[in-house]
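The values are calculated or read from the model by the stated rules, or taken from the named source; none is laboratory data. Nothing here was measured: the structure is a model prediction, and the numbers come from that model. Note that each Cβ is placed from the backbone with ideal geometry, even for glycine, and that neighbours are counted across all protein chains shown. Just the protein is used for accessible areas: all its heavy atoms, side chains included, with ligands, DNA and RNA removed. Shrake-Rupley method; radii C 1.70, N 1.55, O 1.52, S 1.80 Å.
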Amino acid sequence: FFFFNDTATTEIYTEQIVGSVRCVQETVVIAHELGHKRSTFDKVSACLILSKSLYMHWFIEHNYGHHRYVATPIDPAFSRIGESFYEYLPKVVINGLKSSWKIEAKKMTKIRGFKTPFVPQNKMIWLLLSDLFLFPLTMYLIFGLSGLIHFLFIAAIGVIYLESVNYIEHYGLERKKIGHDEWEKVDIRHSWNAPHRISNYILLKLQRHSDHHENAYKPYQILCSYEQSPQLPSGYTVMILLSFVPKVWFKVMNPRALSYKKYEKIIPEEDVASQEECKKFIRTLSALIVPIVLLGYIY
């Protein structure tokens, strides 16, 4: 962990922040992969990795909630067409926490036969105590107030990054309802893919998300990319940044999502237009970032 000190310069602060963001990005991806393994050791490791973001309950909701209800309004990570990331974020955090508790409470009372969910065997009790009290208190006692502030900053970045990935992976996609609380089977049409090679290597092929949802226990090394799956116009890095600017995100993704929803394919003209819009966004972002970086080195 990096932590602030009184003599640190602006350059050191910047390096700490950039390093922290990069660390969070890598650990979230690794936690997701380990969380889908069958061994107890891997699942515990995934949970501990998520402790950096004070978000250990996500492991329960993701595996037993999200994968069951993906692309339905019941899923906390369901993002509707026209819903901005800033509307989506508080909703998914709050509903994800509620969903995790309901899943574990149901397990305690209906599967394991306890009269109440408030028993030591309930994982959510321990995860919440750790996230809300144990880890923050430990950071404060070891590193002081400045260390705690930096730790909470890292945790917030981790949650924002994780949920922004969820947002772009399923934006505007919805399974057909075939009965009361019953939807068609999950398949490769219910997640956005991004076949870009380099970012797939960096993110353990998380961008081959359609195959992951159809085969949750399939190792990332052999996940496939299908032409029939909805395709993002760019890789996750660009799309995450794009999601932070709703006006541009809607301009790129809404025609794409509506077109796929209506025709079950992307119209070529819209594909080219959305890719051009992404390139324009990257050029604009670069034009803003380069002067800021140069000024940082000058001053």
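Annotations for the structure displayed:
- Restricting the trypsin sites (Lys or Arg not before Pro) of segment 99-198 to loop positions (DSSP other than H, G, I, E, B) with no more than 10 neighbouring Cβ atoms within 10 Å leaves Lys115, Lys176, Lys185.
- Cleavage-rule hits, chymotrypsin sites (Phe, Trp or Tyr not before Pro), segment 96-152, DSSP coil, Cβ neighbours within 10 Å at most 14: Phe118
- The local environment of Lys91, defined by Cβ-Cβ distances under 15 Å, has a net charge of -3 under the rule Lys, Arg +1 and Asp, Glu -1.
- Listed by chain and number, the lysines whose alpha-carbon sits under 22 Å from that of Lys107, ignoring those within fewer than 8 places in the same chain, are Lys37, Lys43, Lys98, Lys115, Lys123.
- Per-atom-type breakdown for segment 171-242 gives carbon and sulfur 55% of the accessible area (1.4 Å probe, protein chains only).
- Spin-label model distance (nm) - Gln221 vs Thr109, 7 Å beyond Cα toward Cβ: 4.4 nm
- Of the solvent-accessible surface of segment 27-141, computed with a 1.4 Å probe over protein heavy atoms with every protein chain present, carbon and sulfur atoms account for 68 percent.
- Bridgeable lysines around Lys185 (alpha carbons under 16 Å apart, same-chain partners fewer than 8 residues away excluded): Lys176, Lys177.
- Inter-part distance where segment 111-128 and segment 170-189 are each reduced to a Cα centre, Å: 30 Å
- Within a straight-line Cα-Cα reach of under 17 Å, Lys251 can be paired with the following lysines, leaving aside sequence neighbours fewer than 8 residues apart in one chain: Lys261, Lys279, Lys280.
- Heavy-atom accessible surface of Cys224, to the nearest 10 Å², is about 50 Å², with a 1.4 Å probe and all protein chains retained.
- Accessible surface computed residue by residue for segment 84-180, with neighbouring protein chains in place and a 1.4 Å probe, gives 55 Å² per residue.
- Area accessible to solvent at Thr109, 1.4 Å probe radius, in Å²: 50 Å²
- Distance between the 7 Å Cα→Cβ label points at Lys102 and Ile149: 3.9 nm.
- Rounded to the nearest 10 Å², the accessible area of Leu137 at probe 1.4 Å: 100 Å²
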